[in-house]
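The values are calculated or read from the model by the stated rules, or taken from the named source; none is laboratory data. Owing to the predicted nature of the structure, the values given are computational and were not obtained by experimental measurement. Glycine gets a Cβ as well: all are built from the backbone with ideal geometry, and neighbour counts include every protein chain shown. Accessible surface areas use protein heavy atoms only, side chains included; no ligands, DNA or RNA. Shrake-Rupley method; radii C 1.70, N 1.55, O 1.52, S 1.80 Å.
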Amino acid sequence: MKKPVVDYRQFRFSRLNTPQFSHMKLPIFGWIFYFSFYFLTENLIPAEICHPIHCALDDMIPFCEYFAVFYVFWYLLVFGSLIYGLLYDIEGLTRLSKFILITQVVAMTVYILYPSRQDLRPEVFVRDNFLSRLMAFIYSFDTSTGVFPSLHVAYSMGILSVALKKRELGIGWKWALGVVVVLICLATAFVKQHSVLDILAALPVSLLAELLVYWDDYWKPRLRKNKA
């Protein structure tokens, strides 16, 4: 097993500003920001004033509970990516945390200025099985508001972005992760948690985060070239 790059047994909150643990500030405060605004937007913006997000393609996509596997796997993917970064890849963790924070700020701003909801969830499940019950459970605590753009999609794009730039990660793993991310994005529509429009809206938000996080890679070489 790989040895962690940081010995977290020595961690104390009083040492958060030390060079050894300062990389933890961004993910910690980023998630505090997200959950704070998630609570506010979920509880202080009534569904009645939210704009329904819908397109014709949504009506052509049937509810399919089997996609719940990929929808729920997203939680494991996000958690696993952050833990892996904490243990073995501080640079990747920092870039992923920046990517997530940027998409959070943009999405939460949109949720406040343009409150959104989707009315796509089935009233009755065609099949009664573990996965349909799992989706019913998720519906029970995850409201149908604050959906445009989809953070499910944006976070997935951030994880994929960081992974694709890792030279030590084999091409097979990169392809596998790419397929998983595509299935996660599709799952949001097939389990009726998001409209197709929510998925599409997450793409420019992800592109913005990509350009800002990787500013040095994308823009500085071009600026130097133009000056030369």
Being modelled with pLDDT of 95 or more, part of a helix (DSSP H, G or I), of a type in the set (F, W, Y) and under 13 Å from the mean Cα position of the chain (by Cα), is that true of even one residue in the range 165-182? no
Could you please give the count of residues in the range 75-114 that are part of a helix (DSSP H, G or I), touching a residue at least 12 places away in the same chain (Cβ under 8 Å) and over 16 Å from the mean Cα position of the chain (by Cα)? 5
Given the residues I28, I53, which is the only one that is at pLDDT 90 or above and open to solvent by less than 70 Å² (accessible area, probe 1.4 Å)? I53
Of these, R95, R127, R117, which one is surrounded by 13 or more Cβ atoms within 10 Å (Cβ to Cβ) and farther than 23 Å from T41 by Cβ? R95
Could you tell me which residue of the range 137-155 is nearest to the chain's Cα centre (by Cα), considering only residues that are open to solvent by less than 10 Å² (accessible area, probe 1.4 Å) and of a type in the set (S, T, Y)? Y155
With respect to the numbered conditions (1) assigned to a helix (DSSP H, G or I); (2) in contact (Cβ under 8 Å) with a residue 12 or more places away in the chain, which one is the sole condition not fulfilled by F137? (2)
Give me the pairs, please: first residue somewhere in the range 25-42 and over 8 Å from M108 (Cβ atoms), second residue anywhere and basic (K, R), beta-carbon distance under 8 Å, and either six or more positions apart or on two chains. L26/K98
Taking the range 55-94 as the region of interest, how many residues are in contact with a Pro (Cβ under 9 Å, 6 or more places away or on another chain) and of a type in the set (A, V, I, L, M, F, W, C)? 5
Listed by first then second residue, the pairs whose first member lies in the range 3-24 and is of a type in the set (K, R), whose partner is open to solvent by less than 40 Å² (accessible area, probe 1.4 Å), with beta carbons under 9 Å and at least 6 positions apart or on separate chains, are R12/F21; R15/F21
Would it be correct to say that V205 is over 16 Å from F67 (Cα atoms) and either surrounded by 22 or more Cβ atoms within 10 Å (Cβ to Cβ) or modelled with pLDDT of 90 or more (or both)? yes
What's the number of the only condition in (1) more than 23 Å from G178 (Cα to Cα); (2) open to solvent by 30 Å² or more (accessible area, probe 1.4 Å) that Y84 fails to meet? (1)
Name every residue in the range 34-72 that is of a type in the set (G, A, S) and either out of contact with any strand residue (DSSP E or B) (no Cβ under 9 Å at 6 or more places or on another chain) or outside any helix (DSSP H, G or I) (or both), in order of residue number. S36, A56, A68
When residues of the range 6-21 are limited to those that are of a type outside the set (F, W, Y) and exposed (fewer than 13 other Cβ atoms within 10 Å of the Cβ), the one nearest to L87 (Cα to Cα): D7
Count of residues meeting criterion [open to solvent by 60 Å² or more (accessible area, probe 1.4 Å) and in contact (Cβ under 8 Å) with a residue 12 or more places away in the chain] in the range 166-190: 1
